[in-house]
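Chemist: Sharing a structure below in structure tokens format, with a few things to ask.
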Amino acid sequence: MILRRYIFWLILVWPWTSVLAHPVSYQDGIGIMSYNSQKMNELLLTYSFTPRFALAHTYLRDSGSEFYIPRANLLLRRWNEPDSQANIYTSFGSGSEKFGTKVSSTHLGEVVLDWESRKYYTYLEHLYLRRNNAANAALPQQDYNHTKLRLGFAPFLADYGDLNVWYIAQFDKHLDETKIETTQFLRFYMKNVLWEVGASFDGSIAFNFMIHI
Amino acid sequence: MKKLILALAITLTAPVFAADNAEVKVSVKGMVCAFCAQGIEKKFMAQKEVESIQISLEKKYVKLKFKKGESLSNEKIIEILKESGYDADIGK
């Protein structure tokens, strides 16, 4: 237990880290998640103190900015049903944004809603980053807003310990862009490792990775 | 009052846990994702009393096999499932 917490804090303070997994997992669970496309990279590390509360650290690179944000993740509500599970999460934190050579403060707020059964998967996330434009005139004027909708289904039902395969369609909308980007993913997971490979209609590729320790 | 109802429900559904045996089977609600259910295996296998665990998403149960002469109380099993993010379905 002490070693696990030591590893968590070691990774947390390591300069290049990190981002979030499922915002909160099981008690004492560590989650490492990485989203990668040609436009952005996101790395998230979480440590769940309880099934309802986790501390995390996000690294996000997008649109010329790099964000480093420690954050708290809360499970607000969970519905455990016999054939499905639904959740509402929220996150908040404060950190820094590097844009060009300048660094300024930033604040994070995020809401995640999900519902899944063994056959279907839905996920809605909105990430808001308040930028300190007054401190850095080189920043874009608008705050960072990113909405992500994911809809998926499993072509076959796999059980615990089997290789699980999912098809997922992801729709991304940035506040400062008019178009909605669509990316199709194949998700695989087995035991405590999950990975996704995807491609958008403009030909760009994406790779996501997640592990529970 | 809630504790009283819970204790009564556990008592009335004793076959779900069959605590006197070396194996117990617990119905679990919300266990639909094998990746997320990893926590159940990790938490139970961290208990010195547990020898092995079998998880079935299809049949929605967790089956625990205890070491010889060992067992976990129903309350402890429910607590571990809670820590893993799930609820024991004591109505089944």
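Chemist: Specify the angular offset, from 0 to 90 degrees and rounded to the nearest 10, of the alpha carbon long axis of helix A:2-13 from the longest principal axis of the alpha carbons in chain A.
Modeler: Computed tilt is about 40 degrees.
Chemist: Suppose every K and R has +1 on its Cβ and every D and E has -1 on its Cβ; what is the size of the dipole of chain A about the Cα centre, in Debye to the nearest 20? Show your work: numbers first, answer last.
Modeler: Details: 20 positive and 20 negative charges, 90 e Å.
It comes to approximately 440 debye.
Chemist: 7 Å from Cα along Cα→Cβ at both B:K82 and A:E66: what's the point-to-point distance in nm?
Modeler: Roughly 4.4 nm, to one decimal.
Chemist: What ranking do A:I69, A:I205, A:I168 get, fewest neighbouring Cβ atoms within 10 angstrom at the top? Don't skip to the end; give the middle numbers.
Modeler: Working: A:I69 23, A:I205 12, A:I168 19.
Arranged by neighbour count, lowest to highest, A:I69, A:I205, A:I168 become A:I205, A:I168, A:I69.
Chemist: Per-residue ellipticity at 222 nm for chain A, helices alone: DSSP H runs ≥ 4 residues times -39500 (n - 2.57), over residue total, nearest 500 deg cm²/dmol? Can you show the working numbers first?
Modeler: Values: 1 runs with 12 residues, N = 213.
Helix contribution divided over all residues of chain A: -1500 deg cm²/dmol.
Chemist: Continuing with this model, one more query. Quick one: grab the alpha carbon gyration tensor of chain A, order the square roots of its eigenvalues as a ≥ b ≥ c, and give me rounded if a/c is under 1.5, else prolate or oblate depending on whether a/b is larger than b/c.
Modeler: oblate
Chemist: Within chain A, how many lysine pairs that are 8 or more places apart, or on different chains, have C-alpha atoms less than 19 Å apart?
Modeler: Working: A:K39/A:K98; A:K39/A:K148; A:K39/A:K173; A:K39/A:K179; A:K119/A:K191; A:K148/A:K173; A:K148/A:K179.
Summing the qualifying lysine pairs gives 7.
Chemist: Using a basic spin-label model with each label point 7 Å from the Cα along Cα→Cβ, how many nm lie between A:S94 and B:Q54?
Modeler: 5.4
Chemist: Right, next: Mind checking which aspartates and glutamates have their Cα closer than 19 Å to the Cα of B:K48? Skip sequence neighbours fewer than 8 apart in that chain.
Modeler: A:D28, B:D20, B:E23, B:E70, B:E75, B:E79, B:E83
Chemist: Okay, moving on. Relative contact order of chain A, please, whole-number percent, based on alpha carbon pairs below 8 angstrom and at least 6 residues apart. Provide the component values of the computation, followed by the final result.
Modeler: Working: 580 pairs, mean separation 29.3, N = 213.
RCO, chain A: 14 percent.
Here, each number is a calculation from the coordinates, and none is a lab measurement. Please read all numbers here as calculations on a predicted model, not as lab measurements. Virtual Cβ from ideal backbone geometry, glycine too; neighbours counted across all protein chains shown.
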